[in-house]
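Okay, so here's the structure we're looking at.
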Amino acid sequence: MVLSNGKPFIVKKINTVYKIFKMANIEELQQLSTQIRRDIVRMVHGANSGHPGGSLGCADFFTALYFDVMKRKPGFDMDGKDEDLFFLSNGHISPVFYSALARAGYFPVAELGTFRKLDSRLQGHPTTHEHLPGIRIASGSLGQGMSVAIGAALAKRHNGDHNIVYSLCGDGELNEGQNWEAIMAAPNFGLNNFIATIDWNGQQIDGPTKEVMDLGDLEAKFKAFKWQTLIVEEGNNIAAIIEALGEAKKMLSNNKPVAILMKTQMGYGVDYMVGTHAWHGKAPNDEQLASALNQLNNTGAFQDY
């Protein structure tokens, strides 16, 4: 298996767990993150629908997670034994998820061009009945992903599998009550294999979170539910994300889950999309796409689909 730029996967066996090292340094990770952003705006433009804002804001997180942090085995199986697992809760940011999966080799990069089209496996929200490699849950309805991730973390513990379960949800998504049941449950079970990341961009579909449903002191809320917390002030900085995820893994030794509160900018990388809910679920037109791609410079390290 090779990357889209022709570079080979390097597979190293570590105590029966295969970790795939795909990027050599931060510069390559940044180049890949830019390519993922190019994929996002092209996918949403091609379908004339989708959610570019949150997808662009989380491109650095997905790059760090899938190409540096997670321990993954070649191929894909739903059981996910002896490898780390990831669950996306805010499924509307599917463009960034699909791009990361394709660039990681789960399915052909060319398939990104079918996003939201008839008979495509790349639905607007991820689904399991399409049997798309890398997708473990359907996440169209908000508020459910953390609960599923906790179930997977409990299953790993019962099975003697010492790998880690990761999840991502949006800050506006925390308006859903099921999240708080999950947030209460994880420390109660003493989960020492679960890291939940919150995309803390301060925006949701109807406007700024402070105006729609103010989250207040989010860190204090998680601490009140007995979570360990980390705040990433630069959530669009790959090095900062990798450092935070590494620290979170160390903190799991305290037999409590870790919440990473990651401050991102919605629409990061495209000037007219940055920091506004207006691009939560809106496709760029031809001129706007050209402007976005001009800003997201293709260095040649990776290729458009």
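The values are calculated or read from the model by the stated rules, or taken from the named source; none is laboratory data. Computed from a predicted model, the values in this text were never measured in an experiment. When we count neighbours, we look across all protein chains shown, and the Cβ atoms used for this are built from the backbone with ideal geometry, even at glycine.
When residue 225 is tested against (1) in contact (Cβ under 8 Å) with a residue 24 or more places away in the chain; (2) aromatic (Phe, Trp, Tyr); (3) under 22 Å from residue 48 (Cβ atoms), just one condition goes unmet, and that condition is (3). In this structure, does residue 32 turn out to be buried (at least 24 other Cβ atoms within 10 Å of the Cβ), under 21 Å from residue 244 (Cα atoms) and touching a Lys or Arg at 6+ places or on another chain (Cβ under 6 Å)? When the stated conditions are applied, residue 32 does not pass them.
Give 175, 201, 193 a once-over and let me know the one that is out of contact with any Cys (no Cβ under 7 Å at 6 or more places or on another chain) and either hydroxyl-bearing (Ser, Thr, Tyr) or within 14 Å of residue 256 (Cβ to Cβ) (or both).
Details: 175 fails: either hydroxyl-bearing (Ser, Thr, Tyr) or within 14 Å of residue 256 (Cβ to Cβ) (or both); 201 fails: either hydroxyl-bearing (Ser, Thr, Tyr) or within 14 Å of residue 256 (Cβ to Cβ) (or both).
That would be 193, the only listed residue that is out of contact with any Cys (no Cβ under 7 Å at 6 or more places or on another chain) and either hydroxyl-bearing (Ser, Thr, Tyr) or within 14 Å of residue 256 (Cβ to Cβ) (or both).
Condition test on residue 282, is it of a type in the set (D, E, K, R), in a loop (DSSP other than H, G, I, E, B) and within 21 Å of the chain's Cα centre (by Cα)? Criteria met by residue 282. Among the residues of the range 212-225, are any over 19 Å from residue 150 (Cβ atoms), among the β-branched types (Val, Ile, Thr) and either over 21 Å from the mean Cα position of the chain (by Cα) or assigned to a loop (DSSP other than H, G, I, E, B) (or both)? Within the range 212-225, one or more residues are over 19 Å from residue 150 (Cβ atoms), among the β-branched types (Val, Ile, Thr) and either over 21 Å from the mean Cα position of the chain (by Cα) or assigned to a loop (DSSP other than H, G, I, E, B) (or both).
Checking the condition modelled with pLDDT of 95 or more and in contact with a strand residue (DSSP E or B) (Cβ under 8 Å, 6 or more places away or on another chain), which residue from 113, 54 passes? Working first, answer last.
Values: 113 fails: in contact with a strand residue (DSSP E or B) (Cβ under 8 Å, 6 or more places away or on another chain).
One residue alone meets the criteria, 54.
If you check residue 196 against the conditions, is it crowded, with 17+ Cβ neighbours inside 10 Å, touching a residue at least 24 places away in the same chain (Cβ under 8 Å), under 20 Å from residue 89 (Cβ atoms) and small (Gly, Ala, Ser)?
Working: crowded, with 17+ Cβ neighbours inside 10 Å: yes; touching a residue at least 24 places away in the same chain (Cβ under 8 Å): yes; under 20 Å from residue 89 (Cβ atoms): yes; small (Gly, Ala, Ser): yes.
In short, yes.
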